[in-house]
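Below is one structure, written out as structure tokens, with a few remarks after it.
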Amino acid sequence: MLTLGKKTLSVPILQGGMGVGVSLGGLAGAVAACGGMGCISTADAGYREPDFARDPVRANHRALAAERDNAGRSSGSGKGARHDGT
């Protein structure tokens, strides 16, 4: 067991961030579903957005919100911890 703040993880696994296109919501959610803590990389998360070249900040914010939601859906029972404490 590992405790981070008020959250206790059932397995002492912290997924490291792996940059553009690797550490996204699916992987983070899968790690959380197994009881660890997933990590969504913020490095150009919006690179697949159609307006990324024109407005990377907005594209990244939008993509990060979508990846966060994807991680929540992927985690199923939500046994892991979220950065916002929920």
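Structure summary
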read-out	value
Peptides ranked, highest mean first, by Cβ atoms within 10 Å: ranges 62-71, 8-17	62-71, 8-17
Options (i) 3, 11, 10, 10, 9, 9, 10, 9, 6, 6, 5, 5, 3, 2, 1, 1, 1, 0, 0; (ii) 3, 18, 24, 22, 15, 9, 5, 3, 0; (iii) 3, 10, 19, 24, 19, 13, 6, 3, 2, 1 - which one matches P(r) over Cα pairs in 5 Å bins from 0, in percent as calculated here	(ii)
Degrees between helix 56-74 axis and first principal axis of the chain (Cα, 0 to 90, nearest 10)	30
Burial order of peptide ranges 28-35, 46-53 (average beta-carbon count within 10 Å, highest first)	28-35, 46-53
222 nm mean residue ellipticity, helices alone, for the chain (DSSP H n ≥ 4; -39,500 (n - 2.57); rounded to 500)	-10500 deg cm²/dmol
Two-site FRET efficiency, Thr8 against Ala53, from Cβ-Cβ distance with R₀ of 41 Å, rounded to 0.05	0.45
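Bear in mind that the values in this text are calculations on the coordinates, not laboratory data. A quick note: this is a predicted structure, and the numbers were derived from the prediction, not measured. All Cβ positions, even for glycine, are placed from backbone atoms using ideal geometry, and neighbour counts span all protein chains on display.
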